[in-house]
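Participant: Please see the structure below; I have some questions.
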Amino acid sequence: MKTVISNNGGPAEVVINSRGAAGGAEAMWRREDDLVCPDDHFDGRIGIHDHITDAIADPDPVRLAPDLICLRFEVMKVRSALGAVRQLLDTGTIRPGDTLVDSSSGIYALALALACHRYGLRCHIVGSATVEETLGTQLEILGATLERMPPSDDLRLDQSRRVERIRRLLAERPHYHWMRQYHDPIHYDGYHQLAGGLDRALPPGPVTLIGGVGTGASTGAFAEGLRGAGREVRLIGIQPFGSVTFGAEQTEDPDMIIAGIGSSIEFANVRHELYQQIHWIAFEYARAGAVALLRDSGIFAGLSSGAAYLVSRWERGRAPGRTVVFMAPDTGHRYVTAAFAAHREVPPLDDLVPRDACCPSELTTPWSVADWCGVAADWATADIGAA
Ligand SMILES: Cc1ncc(COP(=O)(O)O)c(C=O)c1O
């Protein structure tokens, strides 16, 4: 028997599940009433897009359980890059043929190159020497130029070198436009535009929104937009250990840094006051989340998505009556060797729990959580107060 949830999350009925029981791992954690509709909801309509960015800019919300939704993106920052570039064109700040430049080694580089491809602009990316081959090749074919900066063990030095390089470029070529994804609030706009549609798609009632925080634009803008639409939103941010953004620079992750989230410098685009809780998650646990997400739902996503899934599962048990929505910003392809290959070794998610932290010195790997009152200064000085 299987409980069917209607498209709008409304009244449930009970039918026979022709595919038999839900998948193994999934069945172990889902509650009795969690099983999702076997109907594929296809309504026969296929739209034709004018450009690939239109096809991939918006998330595919996937219901994993009645109260658990994954916002799955192929390349999350496309909507943000499109919104920013469109606005710069509309205001006459840039014109077709101009060159947009920024520092990125991840999905922003691809998103910006795609937005430039769409609007007839040039794109120059200052990235690290370790930009992976799939991204580097795509950028090259898209016509973007990629400058690979030599790597160092010091992330802060890496960041400041890239900024220095961009400053030099701008001095030589004043017509270049520096996008400043870390600091320019223009990157919120595209996501704000999406939030209304997201609000209409979600079941009514309070929402807990969970996602990795890099620049903070995606989680921040979605929370602002949903709140602006009248939703009660609890925003939970995810960080890697070692990130300065929420004051964890003194605790290192011995394994790999989770790509795209956290920072070694302050980002003006992070609006700390929007978050109610922060989780710090090590590579090992994010990987367990990513493997479980694929196993449970079929969604092949990256490490920040895996970390968000882990937190969603934990949060969900503690927040009855709320819809938990988590972000999956990229696909899992670039993590196959480093993360997914060892999938047999990952611990079951239900065995993993976070340690509560009240101040930076209480942060411990592999998973810590702190209630974030929204005032970064309190957190940073809590150790001094406790001493
Ligand atoms: C894989 C991944 N997850 C999460 C994020 C965080 O997004 P944001 O910069 O909007 O905070 C990023 C940012 O690049 C990312 O690459």
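Participant: What do you get for the angle between helix 217-228 and the principal long axis of the chain? Use alpha-carbon atoms, 0 to 90 degrees, nearest ten.
Facilitator: Its long axis makes an angle of about 60 degrees.
Participant: Using only alpha carbon positions, build the gyration tensor of the stretch 78-180, then give the equivalent ellipsoid semi-axes as the square roots of 5 times its eigenvalues, largest first, whole angstrom.
Facilitator: Values: eigenvalues 98, 51, 25 Å².
Computed over the stretch 78-180, the values are 22, 16, 11 Å.
Participant: While we're here: State, as an integer percentage, the relative contact order of the chain based on alpha-carbon contacts under 8 Å between residues 6 or more apart.
Facilitator: Numbers: 764 pairs, mean separation 58.7, N = 387.
Answer for the chain is 15 percent.
Participant: Moving on to the next point. For the chain, what is the calculated [θ] at 222 nm in deg cm²/dmol (nearest 500), taking -39500 (n - 2.57) for each run of four or more DSSP H residues and dividing by its residue count? Walk me through the numbers on the way to the answer.
Facilitator: Details: 11 runs with 130 residues, N = 387.
Taken over the chain, the calculation gives -10500 deg cm²/dmol.
Participant: As an exercise, find the ratio Rg/Rh for the chain from alpha-carbon atoms, using the Kirkwood inverse-distance average for Rh. Please report the intermediate quantities before stating the final value.
Facilitator: Numbers: Rg = 21.0 Å, Rh = 21.7 Å.
When Rh is taken as the Kirkwood radius, the ratio is 0.96.
Participant: What FRET efficiency comes out for the pair H333/D54, r = Cβ-Cβ distance, R0 = 25 Å, nearest 0.05?
Facilitator: Efficiency for this residue pair is about 0.70.
Participant: Anyone know which of I261, I166, I48 comes out most mobile in the 10 Å Cα GNM of the chain?
Facilitator: I48
Participant: HN-Hα J couplings of the stretch 67-84 from phi, Karplus 6.51/-1.76/1.60, θ = phi - 60°, integer Hz, Gly and Pro as x?
Facilitator: 10, 9, 10, 9, 8, 8, 10, 7, 9, 4, 7, 4, 4, 5, 5, 4, x, 5
Participant: What net charge is computed for the residues neighbouring S263, neighbours being all others with C-beta under 12 Å from the C-beta of S263, Lys and Arg scored +1, Asp and Glu -1?
Facilitator: Values: positive: R156; negative: D158, E249, E266.
Combined, the nearby Lys, Arg, Asp and Glu give -2.
Participant: According to a simple spin-label model (label point 7 Å from Cα along Cα-to-Cβ), what is the distance in nm between R295 and R173?
Facilitator: Simple spin-label model gives 4.8 nm for this pair.
Participant: Continuing with the same structure: Using just the C-alpha positions of the stretch 237-368 as equal point scatterers, what log10 of I(q)/I(0) does the Debye formula give at each q in 0.12 1/Å?
Facilitator: Normalising to I(0) and taking log10 leaves -0.43.
Participant: Shifting gears a bit: For helix 303-316, report the angle its Cα long axis makes with the longest principal axis of the Cα atoms of the chain; keep it between 0 and 90° and round to the nearest 10°.
Facilitator: Roughly 40 degrees between the two axes.
Participant: Using a simple spin-label model with points 7 Å from Cα along the Cα→Cβ vector, what separation in nm is obtained for E164 and D371?
Facilitator: Spacing of the two 7 Å Cα→Cβ label points: 4.4 nm.
Participant: Something else now. Applying the Karplus parametrisation 6.51 cos²θ - 1.76 cosθ + 1.60 with θ = phi - 60° to the phi angles of the stretch 176-183, what ³J(HN,Hα) value in whole Hz is obtained for each residue in order, glycine and proline being reported as x?
Facilitator: Once rounded to whole Hz, the list reads 5, 10, 8, 6, 6, 4, 6, 10.
Participant: Zone of D43 (label point 7 Å along Cα→Cβ, backbone N under 19 Å): which residues in the stretch 203-232?
Facilitator: Under 19 Å, as judged by backbone N against the label point of D43, lie 203-204 of the stretch 203-232.
Participant: For W178, what residues show an amide H to amide H distance below 5 Å, using hydrogens built from the backbone and excluding near sequence neighbours?
Facilitator: Those lying under 5 Å, H to H, from W178 are V101.
Participant: What's the extension gain from Q250 to E345 if we count 0.36 nm per residue and subtract their Cα-Cα distance?
Facilitator: Gain in length upon complete extension: 31.4 nm.
Participant: Please give the helix 155-172 orientation as an angle from the longest Cα principal axis of the chain, in degrees from 0 to 90, rounded to the nearest 10.
Facilitator: Result, in degrees: 50.
Values in this text are rule-based calculations from the coordinates and carry no lab data. Not measured: the values here are computed from a predicted model. So basically every Cβ, Gly included, is an ideal-geometry build from the backbone, and we count neighbours across all protein chains shown.
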